[in-house]
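See structure below.
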Amino acid sequence: MAITLSINGAARSVDAPDDMPLLWVLRDELNMVGTKFGCGAGLCGACTVHMDGAAVRSCQTPLGAVGAAKITTIEGVGETPIGAAVQKAWVAVDAPQCGYCQAGQIMSASALLAATPKPTRTQITQGMSGNLCRCASYHRIMDAIELAAKETSHAG
């Protein structure tokens, strides 16, 4: 059955089963391959997207659970002030190493800063705890989040 989703501010129609994970809808049905498959169990964070602003694991979110929620992916997060600041900070501190997990890291960091505009280092660690980086660029990721928080707090 066809369903219309709101993705990155645009209506996108898909014909997929309700139990299909949002990750595969994005990647296979809509050819939006920025969201990555990592573990398939919601444990690594590579598949993180925003659903009505909250970070969710798209590998564990069935299409039928999306409903009228607004979905933001890595392809669209840079259109938001916080997402743009996070992406800019990622480049400024050279956060990624291999880059595979970085879309999910950026999505989680953007949701964190939207909820907690001036996070402490402890809040950053807690907020990002579900995102794994095989290259262990955690210190640069932390630095990027702190930089983005400073940038967005000065912009307001």
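Readers should treat all values here as calculations from the given coordinates under stated rules, not as data from a laboratory. Note that the structure is a prediction, hence the values are computed from the model and not measured. Quick reminder, even Gly has a Cβ in these numbers, built from the backbone with ideal geometry, and neighbours come from all protein chains shown.
I want the local charge near residue 42. Using Cβ-Cβ distances under 14 Å, sum +1 for each Lys or Arg and -1 for each Asp or Glu among the other residues. Please list the in-between numbers first.
Details: positive: 36, 57; negative: none.
Residues close to residue 42 contribute a combined charge of +2.
Let me have the relative contact order for the range 98-156, percent, based on Cα pairs under 8 Å that are six or more residues apart.
Computed value for the range 98-156: 44 percent relative contact order.
For the range 77-155, which semi-axes, largest first and in whole Å, follow from the square roots of 5 times the eigenvalues of its Cα gyration tensor? Could you put the intermediate results ahead of the total?
Numbers: eigenvalues 61, 36, 24 Å².
For the range 77-155, the ellipsoid semi-axes come out as 17, 13, 11 Å.
Name the aspartates and glutamates eligible as straight-distance cross-link partners of residue 88: C-alpha to C-alpha under 16 Å, and not fewer than 8 places from it in the same chain.
75, 79, 143, 146, 151
How large is the convex hull of the C-alpha atoms of the range 2-72 per residue, in Å³?
Working: hull volume 5.2 nm³, N = 71.
Dividing the Cα hull volume of the range 2-72 by its residue count gives 73 Å³.
Please report, in whole Å³, the volume per residue of the convex hull around the C-alpha atoms of the chain. Present the calculation step by step, with values, prior to reporting the outcome.
Working: hull volume 15.1 nm³, N = 156.
In the chain, the Cα convex hull volume per residue is 97 Å³.
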